[in-house]
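Asker: Below are the structure tokens for one structure; questions will follow.
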Amino acid sequence: EMAHTLCFSGMDRAEEAKLKLLFADANEWLGGEWTLAPENTAEVLVIDLESIYGHMTWLKVRNSSRYVIALTSREQDEAEHVLLRPATVESMVSVLSAAIGKPVPEHEPRVSASDAMSSPPTPRRSSCTVNINARALSSMQ
């Protein structure tokens, strides 16, 4: 399957660098389906609506066939898809999943897929509840 392409546009360099770090984590969560591309070829654009350049880009592309996500610090009436500032890995995952019409995948932080398959499903949680129940029972007597 072809990778989906994304470009960050209109924000200053420092914020773009932060977004790219978030994107790297989000993309790992999404199974590496995404890659960064230049603005003129990217399928999905994340555009800073609060900068002059970003707003100009927004006006240029919003009626095109491209999927445009507005980066903004408040809900926007004019934007159908919004990534609210400050962006997080979770919010990035959620807008990127929506962009390709997929549900957000379950996320187990920093467990590789092979580990997740070979290990039994979360034994810790069950033993923990047993301990709590035992304690609750003894306190009732």
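Please treat every number below as a calculation from the coordinates, not as lab data. None of these values were measured; they are calculated from a predicted model. All Cβ positions, glycine included, derive from the backbone under ideal geometry; neighbour counts span all protein chains shown.
Asker: Could you give the nm distance between label points at residue 16 and residue 84, where each point is 7 Å from its Cα heading toward the beta carbon?
Answerer: Here the answer is 2.7 nm between the modelled labels.
Asker: While we're looking at this one, here's another question. Between residue 52 and residue 36, what is the label-to-label distance in nm when each label sits 7 Å out along the Cα-to-Cβ direction?
Answerer: In this crude label model, residue 52 to residue 36 measures out at 2.5 nm.
Asker: May I pose another question? For region 58-69, just list the computed ³J(HN,Hα) in residue order, Karplus coefficients 6.51, -1.76 and 1.60, θ = phi - 60°, integers in Hz, with x standing in for Gly and Pro.
Answerer: 4, 4, 6, 9, 5, 9, 8, 7, 6, 8, 10, 10
Asker: Excluding residues fewer than 8 places away in the same chain, name every one of the aspartates and glutamates whose C-alpha is closer than 16 Å to that of residue 20.
Answerer: 12, 28, 33, 39, 48, 90
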